[in-house]
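Some notes on the structure that comes next.
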Amino acid sequence: TSIHLPMLVPPTIISNKTFYGATRLSSFYVPCGAKDNYTSDANWSSFASNINERYFTDYTITTASTNDAWGIVTLNEPTSCADTTYNVVAKPYDGYHFVQWQDGNIENPRTIALTQDTAFTAEFARNTYTISTRPNIVDRGVTSEAQSALYRIKPIRHNLIRTAMPFMQIVTTN
């Protein structure tokens with residue numbers, strides 16, 4: 001269990017059972033530079049070994065996907081006072097890929113330092129595949145030429161592709 005306390009001054013503990021059993025099980029995260037305030041406070045000193053400093057911001061970051069069925073967006077927050085950046089990661093589901101963020105940026109993951117409330121929306125798209133065929137069919141002395149066509153195929157399992165074309169030779173992912 002972790003408890004985030006974004007206050008520089010420790011809050012007053014009203015009852016000695018407020019965090020009953022928490023000394024062994026929990027981590028308390030306080031703003032950078034506030035650990036001494038907590039560890040020197042009579043109510044908080046017993047939790048000194050569980051108090052850690054981390055970066056807190058006054059800004060809000062919102063993440064979203066243009067299609068939740070195609071992928072998700074995760075946010076990795078700073079874990080120490082030395083790190084004040086956030087990593088926003090677009091994670092496509094199988095059969096899809098990340099295209100770009102709403103502002104056209106294509107970095108993934110994307111590292112940002114917040115200076116204002118910010119929103120990130122990831123755009124995902126279905127994967128497309130190119131199938132190259134090379135039939136060599138001789139019919140009454142005439143050899144057929146390879147032809148190009150667009151096929152809609154669906155990945156089934158372990159990157160196998162199911163199609164009605166028994167002469168498929170090459171499958172590449174775009």
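Is it the case, given these coordinates, that THR111 is surrounded by fewer than 15 Cβ atoms within 10 Å (Cβ to Cβ), in contact with a strand residue (DSSP E or B) (Cβ under 9 Å, 6 or more places away or on another chain) and either modelled with pLDDT under 95 or in a strand (DSSP E or B) (or both)?
So THR111 passes the test.
With the condition kept exactly as written, say whether any residue in the stretch 73-82 is over 30 Å from ALA34 (Cα atoms) and out of contact with any Asp or Glu (no Cβ under 9 Å at 6 or more places or on another chain).
Yes: the stretch 73-82 contains one or more residues that are over 30 Å from ALA34 (Cα atoms) and out of contact with any Asp or Glu (no Cβ under 9 Å at 6 or more places or on another chain).
Check ALA69, ALA149 and return the single one that is over 30 Å from TYR29 (Cα atoms) and at pLDDT 90 or above.
Testing whether each residue is over 30 Å from TYR29 (Cα atoms) and at pLDDT 90 or above leaves just ALA69.
Suppose the filter is at pLDDT below 90, open to solvent by 60 Å² or more (accessible area, probe 1.4 Å) and in a loop (DSSP other than H, G, I, E, B); does THR57 pass it?
Values: at pLDDT below 90: yes; open to solvent by 60 Å² or more (accessible area, probe 1.4 Å): no; in a loop (DSSP other than H, G, I, E, B): yes.
Here the answer is no, as THR57 does not meet what is asked.
Filter the stretch 73-94 for residues that are among the small types (Gly, Ala, Ser) and touching a residue at least 12 places away in the same chain (Cβ under 8 Å); which is most open to solvent (accessible area, probe 1.4 Å)?
Our first condition is that a residue be among the small types (Gly, Ala, Ser); within the stretch 73-94, this holds for 80, 82, 90.
Next, from what is left, pick out any that are touching a residue at least 12 places away in the same chain (Cβ under 8 Å): 80, 90.
Values: SER80: 41, ALA90: 5 Å².
Among those residues, the one meeting the criterion is SER80.
Cβ-Cβ below 7 Å, separation at least six or inter-chain, first residue in the stretch 95-106 and closer than 9 Å to ARG126 by Cα and open to solvent by 60 Å² or more (accessible area, probe 1.4 Å), second outside any loop (DSSP other than H, G, I, E, B) and of a type in the set (Phe, Trp, Tyr): which pairs?
Qualifying pairs under 7 Å: HIS97/PHE124.
Kindly provide the set of residues from the stretch 60-82 that are part of a loop (DSSP other than H, G, I, E, B) and under 18 Å from the mean Cα position of the chain (by Cα), ordered by number. Can you show your working first?
If we filter the stretch 60-82 for residues that are part of a loop (DSSP other than H, G, I, E, B), which is where we start, we get 60, 66-70, 77-82.
Scanning the stretch 60-82 gives THR60, THR66, ASN67, ASP68, ALA69, TRP70, GLU77, PRO78, THR79.
Restricting to the stretch 31-54, name every residue that is in a loop (DSSP other than H, G, I, E, B) and either open to solvent by 40 Å² or more (accessible area, probe 1.4 Å) or acidic (Asp, Glu) (or both). Even if it seems obvious, please write down each step before you answer.
So the first thing to find is which residues in the stretch 31-54 are in a loop (DSSP other than H, G, I, E, B), and the list is 32-34, 40-44.
Result: CYS32, GLY33, SER40, ASP41, ALA42, ASN43.
The values are calculated or read from the model by the stated rules, or taken from the named source; none is laboratory data. From a predicted model like this one, the values you see are computed outputs, not experimental measurements. Because the Cβ atoms are built from the backbone with ideal geometry, glycine has one as well, and the counts that use them run over all protein chains shown. These accessible areas exclude ligands, DNA and RNA; they are computed on the full protein's heavy atoms, side chains included. Shrake-Rupley method; radii C 1.70, N 1.55, O 1.52, S 1.80 Å.
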